[in-house]
1. Please find, among GLU292, GLU303, GLU260, GLU288, the residue that is among the charged types (D, E, K, R), open to solvent by 50 Å² or more (accessible area, probe 1.4 Å) and at pLDDT 95 or above.
2. With LEU245, LEU224 as the choices, which residue is open to solvent by less than 10 Å² (accessible area, probe 1.4 Å) and either closer than 21 Å to ALA22 by Cβ or in a loop (DSSP other than H, G, I, E, B) (or both)?
3. Quick check on my filter: what residues within the range 95-128 are touching an Asp or Glu at 6+ places or on another chain (Cβ under 9 Å) and either at pLDDT below 95 or open to solvent by 10 Å² or more (accessible area, probe 1.4 Å) (or both)?
4. What number of residues within the range 22-49 are touching a Cys at 6+ places or on another chain (Cβ under 9 Å), over 10 Å from GLY85 (Cα atoms) and crowded, with 24+ Cβ neighbours inside 10 Å?
5. Is at least one residue of the range 55-65 within 21 Å of the chain's Cα centre (by Cα), within 16 Å of ligand 1 (Cβ to nearest atom) and within 22 Å of ALA22 (Cα to Cα)?
6. Within the range 22-35, track down each residue that is within 16 Å of ligand 1 (Cβ to nearest atom) and either farther than 25 Å from SER67 by Cβ or in contact (Cβ under 8 Å) with a residue 40 or more places away in the chain (or both).
7. Report, by residue number, each residue of the range 97-133 that is touching a residue at least 12 places away in the same chain (Cβ under 8 Å), polar (S, T, N, Q) and away from ligand 1 (no atom under 16 Å from the Cβ).
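The values are calculated or read from the model by the stated rules, or taken from the named source; none is laboratory data. What you are looking at is a predicted structure, and each value in this text was computed from that prediction instead of being measured. Cβ placement follows ideal geometry from the backbone for every residue including glycine, while neighbour counts extend to all protein chains displayed. We work out accessible area using only protein heavy atoms, side chains counted, and drop any ligands, DNA or RNA first. Shrake-Rupley method; radii C 1.70, N 1.55, O 1.52, S 1.80 Å.
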Amino acid sequence: KIPVWLDCDPGHQDTFAILLSAYHPSLSLLGISTVHGNSSLSHTTYNATSILTAIGAPHIPVYPGASSGLTRPAVHADAIHGASGLDGTALLPVPAVPHLEEPAIDAMAAALLSTPKDTAWLIATGALTNIAHLFTSYPEVASHIRGLSIMGGSIGNHFTAAPLGKVDAKERIGNWSQWAEFNILVDPEAADFLFQHPVLNKKTTLIPLDVTHLVLATKNVQALLLDGKDGKQRTTLRVMLVELLTFFAKTYAEVFGITEGPPLHDPLAVAAVLDGFTGVQIPFRDFEHKGERERYAVRVVTEGSHGDAQAGAETGRTVVKLLPEGEEGVKIPRGLDISRFWSVLEDCLERADNV
Ligand code: BDR
Ligand code: CA
């Protein structure tokens, strides 16, 4: 099994990242750290413990991390996730096990360093503050782990798959501002630190909006998750998950004009750790496909405030450059095996139902 640590800000999409990392038979989830983002740290932490209880995995330890960015105040996404970070269902259980008090970065370092060298993946589906703190305080973790998988950023071509509503698609590449994706925008300094890190930038896989907007939770997907492959599996957990999906389907339609179904974003950063998922080709504007070995240099625009970004500045934008063949850098898959993804997610849900 591949040891994984999940750093997240649940969050509707993060819920599915937790499900996939806790129940995929090839993964061993060591622990979860929470971060500010979709909602306040206290909400994302409570939500993580509640989700783990709901899916029958309350034994997975949860550690709260940073409540604001490296240098910036926190920004929350109430318009997408509601005030709790996980609005839309009354079925979330009271956590069976509370979160732990040990600082997140200490727990992450201890867990990751206890795995055999070059085996563990760190998966980040929220702001990158905890991850930046971890590698600053424990630099030895960078050479120890196998990889870092991040859901974040945008290259600029996802509108070919799912136009982003109100702003003319050609003029918009981000979801939280014209240029920026939410996880990167809320802590651009943390993101830029990681993309420039001399060891990590060669071990990082980035799953940008270009990829996540290909994987929409359509009505068919929602029906599969509600009733299972044979149509007879409905449980309280499934109803809860589909209520969560329905909530952010509505906000996605209102805010972004995506009516086919919302992208699930975060579990794709978990799927990217598994063999054989990535590599299905999609075009990236300006980049000719160079095969599975293509790598990128990534920088983040750090000038400007969150308000500036809302006013049209490029704050939080991921700027990528395709590297010459053979050079090491960030891996940005061009796509994902979408039908296999939904099938694997459903298998995990069946496993959770049977606990
Ligand atoms: C990301 O931002 C959050 O709203 C989601 O949880 C996801 O991690 C998408 O931009
Ligand atoms: Ca998230």
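1. Just one listed residue meets the conditions, GLU303.
2. Working: LEU224 fails: open to solvent by less than 10 Å² (accessible area, probe 1.4 Å).
LEU245 is the lone residue from the list that is open to solvent by less than 10 Å² (accessible area, probe 1.4 Å) and either closer than 21 Å to ALA22 by Cβ or in a loop (DSSP other than H, G, I, E, B) (or both).
3. ALA110, LEU113
4. The total comes to 6.
5. yes
6. Once the filter is applied, which keeps residues that are within 16 Å of ligand 1 (Cβ to nearest atom) and either farther than 25 Å from SER67 by Cβ or in contact (Cβ under 8 Å) with a residue 40 or more places away in the chain (or both), the range 22-35 yields SER33, THR34, VAL35.
7. THR115, THR119
Matching residues to (1) within 12 Å of ligand 2 (Cβ to nearest atom); (2) at pLDDT 95 or above; (3) of a type in the set (Gly, Ala, Ser); (4) farther than 22 Å from VAL221 by Cβ:
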{"site": "ALA22", "(1), (2), (3), (4)": "no, yes, yes, no"}
{"site": "SER28", "(1), (2), (3), (4)": "no, yes, yes, yes"}
{"site": "THR49", "(1), (2), (3), (4)": "no, yes, no, yes"}
{"site": "GLY65", "(1), (2), (3), (4)": "no, yes, yes, yes"}
